[in-house]
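Asker: Just passing along the structure, written as structure tokens.
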Amino acid sequence: ELVEGKLGLDFNSKHILRVVLRSVLIILCGFVSVFVPSFVHIISFLGCVSVSVISFICPPVFHLVLLCRWRHMQKSISSANQNTFKLHQGGAEEIDESDSTSKQPLAKDILMDVILITWGVVACIITSILTFKSLLKQMQ
């Protein structure tokens, strides 16, 4: 669909053009896989890197980024609430910040993110080394 979009073929285009384009792409990929030497190792290498990054590294990094933004937002809210008062039994009383319903991110959450990132980096390195060794073994 990406190639179809670049060529101006959308869902409303003629069906036969889309079928021909997809068939040509499949045949082209088949020729590449047959005629490029060690293509399986290239795909293997790309797979081991991308899977470990997408599965183990990206989610905890995104979580850490969201935690940082959340903490920044909480600091902004608490500084804005310093001069805010609420009525309590007929009198004005400062809002207690410990009264907040949202919990601060725990150190164990951050630690778990760091562990997952480390695991992903180690898995990426190990699988890349194994794939590279397999490629070298086949080339001999």
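The values are calculated or read from the model by the stated rules, or taken from the named source; none is laboratory data. Since this is a predicted model, take the numbers as computed values, not measurements. Note that each Cβ is placed from the backbone with ideal geometry, even for glycine, and that neighbours are counted across all protein chains shown. Ligands, DNA and RNA are stripped out before the accessible areas are found, and what is left, the full protein with its side chains, is counted by its heavy atoms. Shrake-Rupley method; radii C 1.70, N 1.55, O 1.52, S 1.80 Å.
Asker: Using a Förster distance of 25 angstrom, determine the FRET efficiency expected from the C-beta separation of ILE54 and ILE77, and round it to 0.05.
Answerer: In this case the efficiency is close to 0.15.
Asker: With each pseudo-label sitting 7 Å past Cα toward Cβ, what's the VAL32-PHE62 distance in nm, one decimal?
Answerer: 2.6
Asker: A follow-up question, please. Sticking with the crude label model, points 7 Å out along Cα→Cβ, report the distance from LYS108 to LEU25 in nm, one decimal please.
Answerer: Placing both labels 7 Å beyond Cα along the Cβ direction yields 4.7 nm.
Asker: So how much accessible area does PHE62 have, in Å² to the nearest 10, using a 1.4 Å probe?
Answerer: 130
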